[in-house]
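Before any comments, here is the structure.
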Amino acid sequence: MPDKPSQRSAHPPSPEKPQPGTTRRGFLKSAGMISAGAAGLEVLHGVSVAEEQARAVGPGKIALKLDINGQVHSLSVEPRATLAETLRDELHLTGTKVVCDRGSCSACTVMLDKTPVCSCMTLAVDVGNRKITTIEGLASGENLHPVQAAFIAHDALQCGFCTSGMVMSCAALLERNPHPTVDEVKTAISGNICRCGTYPKVFDAALAASESRGT
Ligand code: FES
Ligand code: FES
């Protein structure tokens, strides 16, 4: 007859103690196997935990070089610093906006080797040798990038919080596809949230920038 719930122990049997019916030899043997399994985990993927810890950096600041808008910057940042924080707080490149700070709005978009990324979701230490382009690096001296000029001509902004990210996503699109369709523009900026609802004008601006670039 099974025990009533009230008669059962509230605590499961301790794994450290031999259970009734277990011989001392059997207990030691199974404990040894568990240890061997744990040791196996410590060398998973050929890297021991000790080696992994030796490679770890931080939590203090570490030296870092970042190629930003064609200029190499030597920095000292904590490994936990995002690229957005580094651009804004260390280099005062505040054209990159942080709105959600959690990867859901794309306001912080920059390019890494022409690929648009959310800089609030990218650690500065993970950038490596990739070239960073921010909104400050799009223009050539006094000459605005075609996307920037088209945003102005088509009035493709209101409050402006999303605008840097929108411009960067459109510019990155034209880098990989100089003549996008409107659907391709929509896909390219599908992660860019605009609370003001300027999307139709952004589409117009991106297509106009494409035409102004010619071939
Ligand atoms: S601020 Fe980076 S995705 Fe919103
Ligand atoms: S212009 Fe205001 S959020 Fe896009």
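Among the residues of the range 185-215, the one identified as among the acidic types (Asp, Glu) and crowded, with 16+ Cβ neighbours inside 10 Å is 204.
Residues of the range 179-196 that are within 16 Å of ligand 1 (Cβ to nearest atom) and of a type outside the set (Val, Ile, Thr): 188, 190, 191, 192, 194, 195, 196. Using the structure shown, decide if residue 142 is surrounded by fewer than 21 Cβ atoms within 10 Å (Cβ to Cβ), modelled with pLDDT under 95 and either under 27 Å from residue 208 (Cβ atoms) or hydrophobic (A, V, I, L, M, F, W, C) (or both). Here the answer is yes, as residue 142 does meet what is asked. Checked against (1) in contact (Cβ under 8 Å) with a residue 40 or more places away in the chain; (2) at positive phi; (3) surrounded by 13 or more Cβ atoms within 10 Å (Cβ to Cβ), residue 70 passes all but a single condition, namely (3). Restricting 151, 161 to residues that are among the aromatic types (Phe, Trp, Tyr) and away from ligand 1 (no atom under 16 Å from the Cβ) narrows the list to 151. Scanning the range 91-102 for residues that are more than 14 Å from ligand 1 (Cβ to nearest atom) and within 23 Å of residue 114 (Cβ to Cβ) returns 91, 93. Candidates 121, 166: the one that is at pLDDT 95 or above, surrounded by fewer than 20 Cβ atoms within 10 Å (Cβ to Cβ) and within 15 Å of ligand 1 (Cβ to nearest atom) is 121.
The values are calculated or read from the model by the stated rules, or taken from the named source; none is laboratory data. Note that the structure is predicted; figures quoted are calculated from it, not measured. Cβ atoms come from the backbone with ideal geometry, glycine included; neighbour counts cover every protein chain shown.
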